[in-house]
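Okay, structure first, notes after.
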Amino acid sequence: MQGLTAKEILSLWEAGQYQTPAERALTLLLAFCPRSPRAELERMSVGKRDELLLTFRELLFGSQFMATTTCPHCRLLLDLGFTAAEVRTEMPNGQVESFAVTVGEYQFNCRLPDSHDLLAVRHGRNTQEIAAALFARCVRHPNGDEVERQSLPEAVTDAVVAEIARRDPQGDIRFDLVCPDCSHQWEAIFDIVSFAWNEISAWAGRLLRQVHALARAYGWSETEILALSSFRREMYLELLGE
Ligand SMILES: [Zn+2]
């Protein structure tokens, strides 16, 4: 696990440009854990993956998070500030390969969704279809047979999904928010993958603008400019009045 140079973060951003969120998460994870085989990272539970991506984000940009959200009731724009510690949950020790879940008279053999599952279902048309495909992959009868999700009462499928989430809590982080204007209360999802990706994109955009300004003014190559520390880049830009 390591920090990255400006050039490496730029390459990472370029690599993820046209990827789906599940693919991007793996691209980020591979950059953070370059010595881990891809297959091993793909088999990591989504919560474990997000725990590592949170640490990666802290390494790149620090532990302070800033975000904006909109009140769904009155559309007020809210600024949110929080720390990595506030969105990090205690992960259960020693996640097991598979586990039994009993809901009333129903019994299942379940496992936690991983990146391999998310990649397999990424072309689902909507969240319901994706959730159903994930359920089919991760929930089986005790004898290994496929479960007909449609034949189960909704309360049973909800209980199974809740139990899977409980065993992999970092994969499902939510905030309770209250609007200061209209007092509306709602739950917002914190998704480390899209959060970190948006920050990397914004950072890369700023860096490319710096490269553009310095290359135009001094005739330096991109490689030369990226090799400068951010402090030096900013000093030169200041001298140029940028
Ligand atoms: Zn409001």
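The values are calculated or read from the model by the stated rules, or taken from the named source; none is laboratory data. Computed from a predicted structure; not experimentally measured. Counting neighbours? That spans all protein chains shown, and the Cβs are built from the backbone with ideal geometry, glycine included. Heavy atoms of the whole protein, side chains included, go into the accessibility calculation; ligands, DNA and RNA do not. Shrake-Rupley method; radii C 1.70, N 1.55, O 1.52, S 1.80 Å.
Go through the residues of the range 120-133 one by one and say whether even a single one is in contact with a strand residue (DSSP E or B) (Cβ under 9 Å, 6 or more places away or on another chain), away from the ligand (no atom under 16 Å from the Cβ) and farther than 25 Å from His184 by Cβ.
Looking through the range 120-133, none of the residues is in contact with a strand residue (DSSP E or B) (Cβ under 9 Å, 6 or more places away or on another chain), away from the ligand (no atom under 16 Å from the Cβ) and farther than 25 Å from His184 by Cβ.
Is there a residue in the range 184-195 that is surrounded by fewer than 11 Cβ atoms within 10 Å (Cβ to Cβ) and either away from the ligand (no atom under 16 Å from the Cβ) or touching a residue at least 24 places away in the same chain (Cβ under 8 Å) (or both)?
There is at least one residue in the range 184-195 that is surrounded by fewer than 11 Cβ atoms within 10 Å (Cβ to Cβ) and either away from the ligand (no atom under 16 Å from the Cβ) or touching a residue at least 24 places away in the same chain (Cβ under 8 Å) (or both).
Can you find a residue that is polar (S, T, N, Q), out of contact with any Leu (no Cβ under 7 Å at 6 or more places or on another chain) and either within 16 Å of the ligand (Cβ to nearest atom) or within 25 Å of Asp114 (Cα to Cα) (or both) anywhere in the range 76-86?
For the range 76-86, residues polar (S, T, N, Q), out of contact with any Leu (no Cβ under 7 Å at 6 or more places or on another chain) and either within 16 Å of the ligand (Cβ to nearest atom) or within 25 Å of Asp114 (Cα to Cα) (or both): absent.
Look at Ile173 and say whether it is touching a residue at least 40 places away in the same chain (Cβ under 8 Å), touching a Leu at 6+ places or on another chain (Cβ under 8 Å) and either surrounded by 13 or more Cβ atoms within 10 Å (Cβ to Cβ) or closer than 28 Å to Arg49 by Cβ (or both).
No; evaluated as a whole, the condition is false for this residue.
Hey, does the range 41-52 have a residue that's within 13 Å of the chain's Cα centre (by Cα), aliphatic (A, V, I, L, M) and within 16 Å of Trp197 (Cα to Cα)?
For the range 41-52, residues within 13 Å of the chain's Cα centre (by Cα), aliphatic (A, V, I, L, M) and within 16 Å of Trp197 (Cα to Cα): present.
So, restricting to helices (runs of 4 or more DSSP H) that lie completely within the range 129-236, which ones have at least 1 residues that are under 27 Å from Pro72 (Cα atoms)?
By residue number, 154-166, 192-218.
If I go through the range 59-116 residue by residue, how many of them are aliphatic (A, V, I, L, M), surrounded by fewer than 12 Cβ atoms within 10 Å (Cβ to Cβ) and without any contact (Cβ under 8 Å) to a residue 40 or more places away in the chain?
Qualifying residue count, the range 59-116: 4.
Taking only pairs six or more apart or across chains, which ones have beta-carbon atoms under 6 Å, a first residue in the range 200-228 that is in contact (Cβ under 8 Å) with a residue 24 or more places away in the chain, and a second residue that is open to solvent by 20 Å² or more (accessible area, probe 1.4 Å) and among the acidic types (Asp, Glu)?
Ala213/Glu242
Can you say whether Arg233 is closer than 30 Å to Leu52 by Cβ and open to solvent by 80 Å² or more (accessible area, probe 1.4 Å), as far as the supplied structure shows?
For Arg233, the condition - closer than 30 Å to Leu52 by Cβ and open to solvent by 80 Å² or more (accessible area, probe 1.4 Å) - is not met.
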